[in-house]
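Peer 1: Got a structure for you, questions after.
The values are calculated or read from the model by the stated rules, or taken from the named source; none is laboratory data. All values derive from a computational prediction rather than experimental measurement. In this analysis, Cβ positions are derived from the backbone assuming ideal geometry, glycine residues included, and neighbour counts consider all displayed protein chains. These area figures cover heavy atoms from the full protein model, side chains too; ligands, DNA and RNA do not enter into them. Shrake-Rupley method; radii C 1.70, N 1.55, O 1.52, S 1.80 Å.
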Amino acid sequence: MAERERRSTPPFGGVFVARSRVMERDDINRALWRMAHEIIERNHGLDGVVLIGLQTGGVPLARRLAEALDQIEGHPVDVGSLDVAFHRDDIGLRPVLPEAVTNIPVDLTGSVVVLVDDVLFTGRTIRAALDALTSFGRPRAVQLAVMVDRGHRELPIRPDYVGKNLPTRRDEVVDVNEDGVDLGEMVKP
Amino acid sequence: MKHLLSVDDLGGRDGIEEVFRLTDSFVEVGERQIPKVPALRGKTIVWLFYEDSTRTRLSFEQAAKRLSADTMNFSVGSSSVNKGESLRDTVQTIEAMGVDCIVVRHSSAGAPWQVARWIEASVVNAGDGWHEHPTQALLDSYTIRRHLGGVAGKRIAIVGDIKHSRVARSDVLAFSTLGADVTLVAPPTLLPPSLDGWPVAVTHDLDAILPKCDVVYLLRMQRERMTEALIPSLREYTAGYGLTKRRVERLDESTLVMHPGPMNRGVEIAAEVADLPRSVVIDQVRNGVAVRMAVLYLLLGSGVDLQ
Amino acid sequence: MTIVLRGGRLIDATGERSGDVVIGDDGRIAAVGPDLSADRVIDASGCVVAPGLVDLHAHLREPGNEEAETVETGSRAAALGGFTAVVAMPNTDPPVDGAGVVREILDLGKAGLCDVHVAGAITVGRRGEQLAPMAEMAGLGVRLFTDDGRGVQDSRLMRRALEYASGLGVTLAQHCEDESLAAGGHMHEGEWSSRLGIPGVPAEAEELMVMRDIALARLTGGAVHFQHLSTAGAIAMVRAAKAGGLRVTAEATPHHFTLTDECCAGYDPAFKVNPPLRTPADVDAVRAGLADGVIDAIATDHAPHPQEAKERPFDEAPPGMLGLETALALAITELDVDLSAVLALLSWSPAAIARIDDTHGGPIVEGRPANLCVIDPLATWIVDPSALASRSRNTPYAGRRLTGRVRHTFLWGEPVVVDGEAVR
């Protein structure tokens, strides 16, 4: 998510400068563990559950979430990745190129898709993801898991599983990485 | 990037690699249950083909539709074009209807450049006379990359009527920009008058070069060349430059055989050879749709250049 | 009313001097000398007074292609370019292959702003099969014959034409192009045509015919004038032929000493011409030939085409460029010779070849017809196609800054261009 944000907000192509750490690595692990339990509880098990990570920030999180689910239930979960570049609503307004190839390994018809992303912001990426999913079948349900919900929604989208609720200013930037979650801003290089 | 008139418009190796990465994504789109994305929804693309070419036009059409663009076909035979309307008037009339992109194929070299001077919309060159056919070169390069892992360092022989071939000119540009070693193989009458400045080697001896190729790229031999005193007969051409069964046996195991289509089985390529697994002509066609999706997306969907 | 051109520098074939020139009521030069006066004074200080320029090669398009140019509009363009005489090419529709069309053009020319002389075709219909009635046309004053647009392909026919013409006191001129080699070509065959994918015309298409006509001139004892030479090879052959004492002359166009085949890279048909723009080495050879006299004259090959025609795809567009209004300035700006040499190439030398040197080309002396031009050799200007007097706009020099401008032109004593504007 950080990379996309970096490219589509001014100063375009700038550098992220962290101002404060809002989650440590251990905090992320605990949140993932909790969210995994919530997914199992909500869906009464893992039958038909498919995790789909949104490129690029959601992909490693989806993988780790899948590992956690497998550890808890002893049940391997299908994981896919989705790049929503071609479904965005701002095509033609700013440079938009896919970061990586989409890979959905199973037919999604009848499944419970859990979209996984690092940061939920305006909701437009999720809308694009919902649009993209229709090309892969007709899921029974679509749920949303995010590590950070930073507010400022522009569409009626709400997460089902949240790592942390984080109030932010609009011009601030949230970066989820291996060491933790940082709050900062974009600086022109 | 506003137009794709020449391979050079992509700005070198990096630009071509960007097209390849995009093409990878569009290959995946083509494999979805619903192989369609809304990326170019609301955009209108017009096919302006002065030269007959169903296959290229259909390939572009498929690409446009998979991007959710609207398309219009300006059918040259039945229109005011034949009533003497100038090319300029034709394209300006089309643009006035509200189009975002005109894909032009014309028998005159340079026509797409002239069209680009007269209108605001984007222009894609789908083949201008003997000069260039950039999307063909891109799909050819992409196909080589997919089969052989890359184009750099590969030894590619382009065989046939180089002189009259826009595919050959664009391929030479693309292959050499990507770092391949290109050799042109043709009788002297089918080579351009001057190869000064072309980054290629030249030979008249196909047999000598076959064992040393990673790719053998065959060009179509047209019957008209006989009447122009360029070759004595198709039979003599095939004897010297056709990829016969005997010649194929001298190729390395992994060497690819390619052709832009449509093939003259029995002339530049033996019928049995065209159907061998190493002949990747069908892949070229398949990749052609994804490559053209990438090109259309780059021109119309990737937004303002913010450099 | 008598006119005095005051304070100018006079340049003609006899040399350079300063002085005033008085044009008499009778259309002839009344006096030349210091401090003269007359009814009307035209200030020529800072300017050069020269014999009017003579163009050996202009396409006035009338009859048949009046939407591109007419005799009247072409003559206006000529006068603005400093020309007091042009030789109109015979590839009109119908072609000039008999007395009828000759008379028609001469009549149209009477109202022109320059003297319009007519070139007759060598063969009927310019088809290269049968000799045209040259004597009949010569009887009406035609002094130059050519099938221009085309060259005479058949060697035997050209031999007969040379023999026949030598008894008539006329000049035979040749557009040198071997059609079997040139067929299908639209630009010079070479590095650029190969890169651009445009069928080319090899230099040899011109050289072969120059070679042949030199041999035929030797065989028949006739004289031949080579039109618009463009190749180093042809120029070298002309040099050798002249050194060998043969009566050959040659002309070259401004575009062949200023532009190269690389100009076609943008596929703009403004640069399409026949013979085509050639390589830098050829351009250098043309310049050298103009400087050392191997090429006797600059001729414009003024070839107007309607805008629509020059907007067609490159291979479909007709060849040809405007030239009358830019020739002098191009020669002054681009050639490495002094103004006197430029004027030789544009005035008295072509006048001699056209056999009109009794009335055009100077010298500026009492009694000669007052066919003069006044040039500001230092004035700079930018070529604006829409400001040209020609009916067409197809100049490759649009936007180019040139040095040298015609201020006034006098035709048989009548001021036809005053202060850079045509009077009618």
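Peer 1: Given charges of +1 on the Cβ of Lys and Arg and -1 on the Cβ of Asp and Glu, with all other atoms neutral, how large is the dipole of segment B:1-104 about its Cα centre, in debye to the nearest 20?
Peer 2: Here segment B:1-104 has a charge dipole of around 360 debye.
Peer 1: Counting Lys and Arg as +1 and Asp and Glu as -1, each charge on the Cβ, what is the dipole of segment A:2-184 about the Cα centre in debye, to the nearest 20?
Peer 2: Its charge dipole is roughly 540 debye.
Peer 1: Got the relative contact order for segment A:2-184 handy, in percent, Cα pairs under 8 Å and 6 or more residues apart?
Peer 2: 26
Peer 1: So if each residue of separation counts as 0.36 nm, and I subtract the Cα-Cα distance between B:I209 and B:R286, what length gain in nm does that give?
Peer 2: Extra length available between B:I209 and B:R286 comes to 24.9 nm.
Peer 1: Give the accessible surface of the protein assembly as shown per residue, rounded to a whole number of Å², with probe radius 1.4 Å and ligands, DNA and RNA excluded.
Peer 2: With all protein chains present, the protein assembly as shown gives 38 Å² per residue.
Peer 1: How much FRET efficiency would the formula 1/(1 + (r/R0)^6) give for B:T93 and B:K2, where r is the Cβ-Cβ distance and R0 is 22 Å, rounded to 0.05?
Peer 2: Efficiency computed from Cβ-Cβ geometry: 0.60.
Peer 1: For the residue pair B:Q33 and A:T122, what label-to-label distance in nm results when each label sits 7 Å from Cα along the Cα-to-beta-carbon direction?
Peer 2: In this crude label model, B:Q33 to A:T122 measures out at 3.0 nm.
Peer 1: Size of the dipole of segment B:134-279 about the Cα centre, Lys and Arg at +1 and Asp and Glu at -1 on the beta carbon, nothing else charged, in debye to 20?
Peer 2: It comes to approximately 200 debye.
Peer 1: I've got another one for you. Let me know the shape class of segment A:2-184, please: from the alpha-carbon gyration tensor, a ≥ b ≥ c as square roots of the eigenvalues, rounded when a/c is under 1.5, otherwise prolate if a/b is greater than b/c, or oblate.
Peer 2: oblate
Peer 1: Please find the FRET efficiency linking C:E414 to C:L219, where r is the Cβ-Cβ separation and R0 is fixed at 41 Å, and quote it to the nearest 0.05.
Peer 2: Step by step, r from the Cβ atoms, then E = 0.35.
Peer 1: Tally the DSSP beta bridges in chain C and give the antiparallel ones as a percent, rounded to 5.
Peer 2: So the antiparallel bridges amount to about 50 percent of the total.
Peer 1: Mind checking the mean number of beta-carbon atoms from other chains within 10 Å of the Cβ atoms in C:316-327?
Peer 2: Average per residue, whole number: 1.
Peer 1: At a probe radius of 1.4 Å, figure out the C/B buried accessible area, summed over both chains, and give it in Å² to the nearest 100.
Peer 2: What C and B bury together is about 1600 Å².
Peer 1: Considering only DSSP beta bridges with both partners in chain B, what is the antiparallel share in %, to the nearest 5?
Peer 2: 5
Peer 1: In deg cm²/dmol, rounded to 500, what helix-only [θ] at 222 nm does the protein assembly as shown give when every DSSP H run of at least 4 residues adds -39500 (n - 2.57) and the total is split over its residues?
Peer 2: Taken over the protein assembly as shown, the calculation gives -9000 deg cm²/dmol.
Peer 1: Could you work out the relative contact order of segment B:134-279, using alpha carbon pairs under 8 angstrom and six or more residues apart, expressed as a whole percent?
Peer 2: 23
Peer 1: A further question follows. Between segment C:15-45 and segment A:10-51, what is the separation of their alpha carbon centroids in Å?
Peer 2: Measuring centre to centre over Cα atoms gives 99 Å.
Peer 1: Relative to the compact globular guide of 2.2 N^0.38 Å, what is the alpha carbon radius of gyration of segment C:349-413, as a ratio?
Peer 2: Normalised Cα radius of gyration, segment C:349-413: 1.41.
Peer 1: How much of the DSSP beta bridge set in chain A is antiparallel, as a percent to the nearest 5?
Peer 2: Of the beta bridges lying entirely in chain A, close to 40 percent run antiparallel.
Peer 1: Another question about this same structure. Does segment B:134-279 come out rounded, prolate or oblate, given a ≥ b ≥ c as the square roots of the eigenvalues of its C-alpha gyration tensor, rounded meaning a/c under 1.5 and, failing that, prolate meaning a/b above b/c?
Peer 2: Oblate is the answer for segment B:134-279, as a/c is 1.5 or above yet b/c matches or exceeds a/b.
Peer 1: Further, regarding this structure: If one takes the accessible area of chain B alone plus chain A alone and subtracts that of the pair, with a 1.4 Å probe, what total in Å², rounded to the nearest 100, results?
Peer 2: Interface area, both chains combined: 1700 Å², rounded to the nearest 100.
Peer 1: Turning to a different aspect of this structure: Give me the one-decimal nm value for the distance between modelled label points at C:S45 and A:R153, 7 Å along each residue's Cα-to-Cβ direction.
Peer 2: Calculated label separation equals 8.9 nm.
Peer 1: Between C:W381 and C:A135, what is the label-point separation in nm under the 7 Å Cα-to-beta-carbon projection?
Peer 2: 4.7
Peer 1: Would you list which lysines come within 28 Å of B:K43, measuring only between C-alpha atoms, while excluding same-chain residues fewer than 8 positions from it?
Peer 2: Candidates past the 8-residue exclusion: B:K2, B:K65.
Peer 1: Can you give the average number of partner chain beta-carbon atoms within 10 Å of each beta-carbon in peptide B:185-195, as a whole number?
Peer 2: Other-chain Cβ atoms within 10 Å of each residue's Cβ, averaged: 3.
Peer 1: Helix B:281-300 sits at what angle to the longest principal axis of chain B, using alpha carbons and giving 0 to 90 degrees rounded to 10?
Peer 2: 30
Peer 1: So, one more: Measure up C:K110/C:K272; B:K163/B:K212; B:K154/B:K245; B:K163/C:K310; A:K188/B:K36 against 28 Å on the Cα-Cα distance and list the ones that go over.
Peer 2: From C:K110/C:K272; B:K163/B:K212; B:K154/B:K245; B:K163/C:K310; A:K188/B:K36, over 28 Å: C:K110/C:K272; A:K188/B:K36.
Peer 1: Enter the angle in degrees (range 0 to 90, nearest 10) between the Cα long axis of helix A:58-73 and the first principal axis of the Cα atoms of chain A, meaning the one along which they spread out most.
Peer 2: Rounded to the nearest ten degrees, it is 30.
Peer 1: Taking a cut-off of 23 Å, what percent of all Cα-Cα pairs in chain B are separated by more than that?
Peer 2: Tail of P(r) above 23 Å: 56 percent of Cα pairs.
Peer 1: Normalising by the residue count of chain C, find the relative contact order in percent from Cα pairs under 8 Å and 6+ residues apart.
Peer 2: 20
Peer 1: Can you send over the carbon and sulfur percentage of the accessible area for segment A:2-184, probe radius 1.4 Å, protein chains only?
Peer 2: Answer for segment A:2-184: carbon and sulfur cover 49 percent of the accessible area.
Peer 1: Still on this structure, I have one more. Looking at chain A as a GNM with Cα springs under 10 Å, which of A:L133, A:L82, A:L97 has the largest mean-square fluctuation?
Peer 2: Highest fluctuation among the options: A:L97.
Peer 1: While we're looking at this one, here's another question. Quick one: which residues, 5+ away or cross-chain, put their amide H under 5 Å from the amide H of C:M321? H built at 1.01 Å from N.
Peer 2: C:A303
Peer 1: Rounded to the nearest 10 degrees, what's the angle between the helix C:232-243 long axis and the longest principal axis of chain C, both from Cα atoms, 0 to 90?
Peer 2: Between helix and principal axis, roughly 70 degrees.
Peer 1: Find, among the GluC sites (Glu not before Pro) in segment B:25-76, those assigned to loop by DSSP (not H, G, I, E, B) with at most 13 other beta-carbon atoms within 10 angstrom.
Peer 2: B:E31
Peer 1: How would you classify segment C:51-353 from its alpha-carbon gyration tensor, with a ≥ b ≥ c the square roots of the eigenvalues: rounded for a/c under 1.5, else prolate if a/b is greater than b/c, otherwise oblate?
Peer 2: rounded
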